[in-house]
Amino acid sequence: MPSDQSPKGAAPRRTSARAASVTTPAPAATVAPASSGLAGSSPWAYAPAPESRDIVTIRQRYGLFIDGKERAPSGGEVTITYNPATEEPLAEIAKGTPADADRAIEAADRAYRKVWSKLHPRERAKYLYRISRILQERSREFAVTETMDSGKPIRESRDVDVPLAAAHFWYYAGWADKLEYAVPGRRPEAHGVVGQVIPWNFPLLMLAWKIAPALAAGNTVVLKPASTTPLTALLFADVCRQAELPDGVVNIVTGPGSTGMSIVTDPRVAKVAFTGSTSVGVTIAKGIAGQGKGLTLELGGKAANIVFEDAALDQAVEGVVNGIFFNQGEVCCAGSRLLVQESIAEEFLARLRDRMSMLRIGDPMDKNTDIGAINSKAQMESIGELVASGVAEGAQIWQPACDLPTRGWFFRPTLFTNVAQSHRIAREEIFGPVLATITFRTVAEAIEKANNTAYGLSAGIWTEKGSRILQVASALKAGVVWANTFNRFDPTAPFGGYKESGYGREGGMQGLHAYLRSS
Ligand code: TAP
């Protein structure tokens, strides 16, 4: 489809809080008055600042990227990827089959044996540097495409997803010729072909987290993007061509979960990396059990963001907002449980409600937007169902009075109080802009409640006391603990979880280990 067929400005028509509440369980919700913040009809409302989409040319149809070339799917079928902010189709995407997965693995295997493993590591590093440079040069194109395909605000794709993706390639380029320092005293070797399956919440960034260390370690790759967000992975295929990466080193196979399963279970695939839901992670682990493959799983989370009474409250409010509303809350490490000390709970929640009233929800292409569109209708329904369960189980719901666009999948930011630890909203990953508040009195109680989850991916601590940070951080069962900040990512820092959040680390030197076997 030519780019001009999609609407300019995704949210021209807006609906009132009352009308939009069909997407959320309105009967029990307390909706704040519109005058409580910058939202709605306040005289302080922001003027529209839409990013131009002219830089992006979205084609009508995309094929698979196998052995350096675009190929039609063997079954001849396509799926459609939609703009979640407008519900309009963006492009037809090849529906890769197990036969296509087989061709991609064959190409990756050949490229590994004949080209990539024979290159001097320094030469491999040059390709990674080149890819990083091209991502930087084409950053606007990537940011606009990502926002159109995923629904995330352009501010986030422009300032977080794309720069971090480029930084990952840059960082791992530096490792490519220094692998022996990553595994001192041992001889590092690549696995060969790696199979990677990624989710829809950070499509380009997850691709970079997976492909950059894999290539730096000397592997070749077959990657399957999520069905609702394939466009930046397909644009990345173009970057590989532009960087003159040897054919077959990176292969991108779009298609359903079953195609992902064909990739990861193929005996020629020596290592598997997956990011997504715990249930699919378990299916993959079972599917490849006993095959001797390396496996890293980055799954869900239900992070506690713990605010102690001595915290700088306004900073903590900002951190809590960033923790749960960044990327619409569709973040595995989102701070979706607010643990606040009872002595400050009332004041903290009042400030939090004020801040939430100022969030701007709507057109993700607008540079002022804080909360964009939910990635898919299915995800909207899943969030709505869990929010309804919170109301039914007796938690108190509050939502700010913000206008929502009449088209697209938008969910009003939601705050629950009076939440019991047994409530589903306190236990299950909602993957949406929904925060469940639980109070505590003592440090020990905070730690116990924070660890009372099947997950263990991340956590946040807000306090002025360094000693308390050290005490609490070391007691939390979470792979990543942020102190007086949240959702900070850096290619040099390892990231990963405990328990049902998976195993293995991505990022940093530890992220390289997963892509190396050492003797
Ligand atoms: P998943 O089903 O886990 O999707 C993640 C990736 O796995 C996608 O590429 C998906 O392909 C693929 N996949 C699905 N079934 C597969 C299988 N049997 N074998 C191999 N690959 C398979 O996530 P979802 O359905 O999009 O979201 C469901 C829930 O998962 C969300 O509500 C959220 O709670 C959680 N989630 C967590 C994360 C992170 S980062 N922890 C990310 C996304 C979702 P298709 O897209 O083609 O189905």
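Where a number appears in this text, it was derived from the coordinates with a stated rule and is not lab data. None of the values given here were measured: they were computed from a predicted structure. Positions of Cβ are generated from backbone atoms using ideal geometry, with glycine treated the same way; all protein chains shown enter the neighbour counts.
Values computed for the structure shown
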read-out	value
Over the range 182-294, equivalent-ellipsoid semi-axes from the Cα gyration tensor in Å	21, 20, 12
Potential lengthening between Glu88 and Asn452 on full extension [0.36 nm per residue; Cα-Cα distance subtracted]	126.9 nm
Partners for Lys449 among aspartates and glutamates (Cα-Cα distance below 18 Å; same-chain residues under 8 apart left out)	Glu309, Glu342, Glu428, Glu429, Glu500
Length gained when the stretch Arg187-Glu123 is fully extended (0.36 nm per residue, less Cα-Cα span)	21.1 nm
The range 152-197: translational diffusion in µm²/s, Stokes-Einstein, Kirkwood Rh over Cα pairs, 20 °C, 1.002 mPa s	162
Residue-span extension gain [Ser258 to Arg441] - 0.36 nm each, minus C-alpha spacing	61.1 nm
Length-normalised contact order for the range 130-205 - Cα pairs under 8 Å, 6+ apart - percent	35
Ala473 versus Thr406: modelled label distance in nm, points set 7 Å from Cα along the beta carbon direction	5.1
Length-normalised contact order for the range 208-351 - Cα pairs under 8 Å, 6+ apart - percent	17
Theoretical FRET efficiency, 1/(1+(r/R0)^6), r = Cβ-Cβ of Lys178 and Asp238, R0 35 Å, to 0.05	0.75
Area projected by the alpha carbon convex hull of the range 257-314, averaged over all directions, nm²	6.1
Spherically averaged projected area of the range 233-289 from its Cα convex hull (nm²)	4.6
Three principal axis lengths of the range 281-372 [C-alpha, angstrom, descending]	55, 38, 16
Mean projected area in nm² (Cα convex hull; one quarter of hull surface) for the range 390-470	7.4
Calculated diffusion of the chain, Stokes-Einstein form, Kirkwood radius summed over Cα pairs, 37 °C and 0.692 mPa s, µm²/s	140
Calculated P(r) of the range 58-121 - Cα pairs past 14 Å, %	65
For the range 378-425, convex hull of alpha carbons as volume per residue, Å³	73
Convex hull per residue volume in Å³, alpha carbons only, for the range 424-519	136
Cα-based convex hull, the range 69-170, per residue volume (Å³, whole number)	116
The range 168-219: C-alpha pair distances exceeding 16 Å, %	46
Listed peptides 210-219, 263-272, 67-76 by packing density, highest first (mean Cβ within 10 Å)	210-219, 263-272, 67-76
Between the range 193-225 and the range 396-434, the Cα center-to-center distance that results, in Å	31
Value of Rg/Rh across the range 105-215 [Cα atoms, Kirkwood radius]	1.02
Cα coordinate range in the range 218-369, projected on the principal axes (Å, largest first)	58, 40, 27
Ranked by how many other beta carbons lie within 10 Å on average, peptides 354-367, 436-449 from highest	354-367, 436-449
Where N is the number of residues in the range 343-486, Cα Rg divided by 2.2 N^0.38 Å	1.13
Ellipticity estimate at 222 nm from DSSP helix runs (n ≥ 4, -39,500 (n - 2.57)) divided over the chain, nearest 500	-11000 deg cm²/dmol
Average Cα contact separation per residue, the range 439-493, under 8 Å, 6 or more apart, as relative contact order %	37
